[in-house]
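Step one of this worksheet: look at the structure below.
The values are calculated or read from the model by the stated rules, or taken from the named source; none is laboratory data. Every value quoted in this text rests on a predicted model; they were computed, and no experiment measured them. Positions of Cβ are backbone-derived with ideal geometry, glycine not excepted, and every protein chain shown enters the neighbour counts. Note: areas computed on protein heavy atoms with side chains; ligands, DNA, RNA excluded. Shrake-Rupley method; radii C 1.70, N 1.55, O 1.52, S 1.80 Å.
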Amino acid sequence: MTETVATAAWQAEITEATDTEAFVAWSLERFGHLRMVLTTQFGMEGCALIDMYGSQGVPLSVVYLDTMFLFPETYALRDRMTERYPHLSFENRGTTMSAEAQAARHGAELWARDPDLCCGIRKVDPMRDALTGVDVWITGITRKQTQARAETPMIGWDWQFQLVKISPLVQWDRARVWEYIKAHNVPYNPLHERGYPTIGCTHCTRAVAGSGVTDYSRAGRWDNTAKTECGLHSNGSGI
């Protein structure tokens, strides 16, 4: 799989006007013979996307990264999703470095002193390993989430991980995702109803006053820093 193949597929077969669920079906038909994975940390967008792909009835690997610092609600949601979609293979590809080992090597509370390094150890490096040998990476990111994601194409070449990256929800906003969640009775993290617009690790995620389920913000992440990305989606994925 190369950038040229991704470009040809985009130009010849689909457009941004393609219905999202039709695009999901197309992606399985177009790339189903290749090694595909859908990645998620069980945010609202990821849960909606899992349901869209799960509804196709096609076996698919769903990769998540257990950073060992996830909320109890996130682990409980993972279990619910695993039970609901038995034909999908949920795979933890998180780091094997324990919190104690990280502290011994890098000092206590690395997330507070050097959050980029902490994300590198617990998210970026494990994701690089998880995507090794993968041809097509399916993500739940949208253009409205952050400035770094504002020009994300529906399908493009990811330069960081060197594969085709598919983002079916790229034109959606949180309100539309919530409508889908409710219409299809998709499980979601209850922390979204307690003021958490996005949910990452316990040390680097807080509730945002006044935030509701239809609000998307990175304000509750990496408090008191300029950091808004963990590093997985910030290096461009355009064709």
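Remarks
- Segment 118-170, residues that are part of a strand (DSSP E or B) and of a type in the set (Phe, Trp, Tyr): 137, 157
- Cβ-Cβ under 8 Å pairs, at least 6 apart or on other chains, segment 112-123 side open to solvent by less than 20 Å² (accessible area, probe 1.4 Å), far side outside any helix (DSSP H, G or I) and at pLDDT 90 or above: 122/65; 122/67; 122/68; 122/69; 122/94; 122/95; 122/97; 122/201
- Filtering 61, 89, 55, 98 for residues that are surrounded by 17 or more Cβ atoms within 10 Å (Cβ to Cβ) and either more than 11 Å from the chain's Cα centre (by Cα) or more than 21 Å from residue 172 (Cα to Cα) (or both) leaves a single hit, 61.
- Comparison of 206, 218 shows that the only residue that is surrounded by 15 or more Cβ atoms within 10 Å (Cβ to Cβ), closer than 22 Å to residue 119 by Cα and of a type in the set (Lys, Arg) is 218.
- Residue check for residue 35: more than 23 Å from residue 216 (Cα to Cα), modelled with pLDDT of 95 or more and either out of contact with any Lys or Arg (no Cβ under 8 Å at 6 or more places or on another chain) or not aromatic (Phe, Trp, Tyr) (or both): yes
- Residue in segment 8-18 that is in a helix (DSSP H, G or I), of a type outside the set (S, T, N, Q), touching a strand residue (DSSP E or B) at 6+ places or on another chain (Cβ under 8 Å) and modelled with pLDDT under 80 present: yes
- Screening residue 83 on (1) over 18 Å from the mean Cα position of the chain (by Cα); (2) within 30 Å of residue 175 (Cβ to Cβ); (3) in a loop (DSSP other than H, G, I, E, B) shows it passes everything except condition (3).
- Within segment 198-227, the set of residues being among the polar types (S, T, N, Q) and part of a loop (DSSP other than H, G, I, E, B) comprises 198, 211, 214, 217, 224, 225.
- Any hit, segment 47-57, residues being part of a helix (DSSP H, G or I), in contact with an Asp or Glu (Cβ under 8 Å, 6 or more places away or on another chain) and at pLDDT below 95: no
- Scanning segment 15-48 for residues that are hydrophobic (A, V, I, L, M, F, W, C), within 13 Å of residue 166 (Cβ to Cβ) and open to solvent by 10 Å² or more (accessible area, probe 1.4 Å) yields 25, 26, 28, 34, 36.
- Every residue from segment 176-197 that is farther than 14 Å from residue 71 by Cβ and in a helix (DSSP H, G or I): 176, 177, 178, 179, 180, 181, 182, 183
- Which numbered condition residue 76 misses (of (1) in contact (Cβ under 8 Å) with a residue 12 or more places away in the chain; (2) under 19 Å from residue 205 (Cβ atoms); (3) out of contact with any helix residue (DSSP H, G or I) (no Cβ under 7 Å at 6 or more places or on another chain); (4) in a helix (DSSP H, G or I)): (1)
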